[in-house]
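Beneath this line is the structure, given in structure tokens, with notes to follow.
The numbers here are math on the coordinates, done by the rules we state, and not lab data. Everything numeric in this text was worked out from a predicted model, so none of it was measured. No Cβ is skipped: glycine too gets one built from the backbone with ideal geometry, and neighbour counts run over all protein chains shown.
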Amino acid sequence: MVVTGPVEVVFGTPGTATATGGNGTGAYVFSHGASTGCTVAGTTVTLTDAEGTCVLTALRLGDATYEQSAASADFTVGGIKANQLAPEVTGPVSLTYGTTGTAAASGGSGTGAYVFSHGTSLGCTVSGTTVTVTNASRTCALTAVRLGDNNYNSSPASGAFTVTLVKASQAAVTVTGPSTVSTATPGTATASGGSGTGAYVFSH
């Protein structure tokens with residue numbers, strides 16, 4: 001008597017244990033023994049850890065004519081990781097220059113971490129989950145993948161999520177000169193304060 005299947009089981013999709021041989025009309029009884037990656041209940045094989053082991057044996061129960069059989073040899077079932085759906089980036093919705101935001105996502109499957117990318121964005125960068133505005137006049141679009149784990153492959157990338165970039169307010173400007181001006185000697189207006197690289201514009 002030998003176990004004949006399943007050859008492979010995908011996480012999340014149970015397989016059916018099968019066997020052949022032995023004698024009589026007794027039912028086959030399956031066992032997963034010391035397997036670390038699957039269980040069997042009746043003929044239903046469920047993958048619990050695609051990186052663990054899954055080894056089945058079977059015996060055939062006795063009937064009116066035959067005694068119960070000895071256990072079969074081990075039959076190794078291949079554990080296959082399931083594919084994830086793409087996650088969805090959910091934030092940050094907007095971000096002001098000079099502050100940082102936190103990238104967030106949902107969806108996918110399993111326990112893998114989300115990994116974010118700013119792609120070709122010229123207005124922001126993302127490191128880990130920290131989003132920083134580099135140029136509030138440009139664009140910022142984030143994508144994410146969810147890494148695989150014992151039971152899931154890494155996900156495909158999410159769609160692009162647009163972060164609205166907001167210019168920061170400047171601090172007050174102080175005019176610093178000139179302190180005196182004569183009709184014969186024009187003075188030069190100077191100022192300090194504010195923020196950024198914008199020019200000072202003076203008004204009388």
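Observations
- Hz values of 3J(HN,Hα) by residue in the range 194-204 - Karplus curve (6.51, -1.76, 1.60), Gly and Pro given as x: x, 8, x, 10, x, 6, 7, 10, 9, 9, 9
- Positive-end extreme of charge dipole, the range 65-204 - chosen from HIS204, ILE80, ASN150 (charges on Cβ): HIS204
- Calculated P(r) tail over 18 Å for the range 91-162, as whole % of Cα pairs: 37 percent
- Global dimensions of the chain from alpha-carbon coordinates: Rg and Dmax equal 33.7, 128 Å.
- Relative contact order of the range 59-204, defined on C-alpha pairs under 8 angstrom at six or more residues apart (%): 21 percent
- Per-residue HN-Hα couplings for the range 159-167 [Karplus 6.51, -1.76, 1.60; θ = phi - 60°; Hz; x = Gly/Pro]: x, 6, 10, 8, 9, 6, 9, 10, 5
- Calculated SAXS-style log₁₀ I(q)/I(0) at q = 0.14, 0.17, 0.20 Å⁻¹ - the range 2-80, Debye, Cα scatterers: -0.42, -0.58, -0.76
- Dipole axis of the chain (+1 Lys, Arg; -1 Asp, Glu on Cβ), positive-most option in ALA70, SER31, ALA103: ALA103
- Amide H within-cut-off set for GLU8, under 5 Å, with H built and near neighbours excluded: GLY78
- Most fluctuating residue given options PRO178, PRO87, PRO14, as computed from a GNM of the chain linking Cα atoms under 10 Å: PRO178
- Ordering 185-197, 50-62 by mean Cβ neighbour count within 10 Å, with the highest value first, yields 50-62, 185-197.
- Each Lys or Arg adds one and each Asp or Glu takes one away; over the other residues whose Cβ falls under 14 Å from the Cβ of TYR97, this sums to +2.
- Mean-position separation - Cα centroids, the range 111-133 and the range 157-204, in angstrom: 31 Å
- Counted charge near LYS81, where neighbours are those whose Cβ lies closer than 9 Å (Asp, Glu -1; Lys, Arg +1): -2
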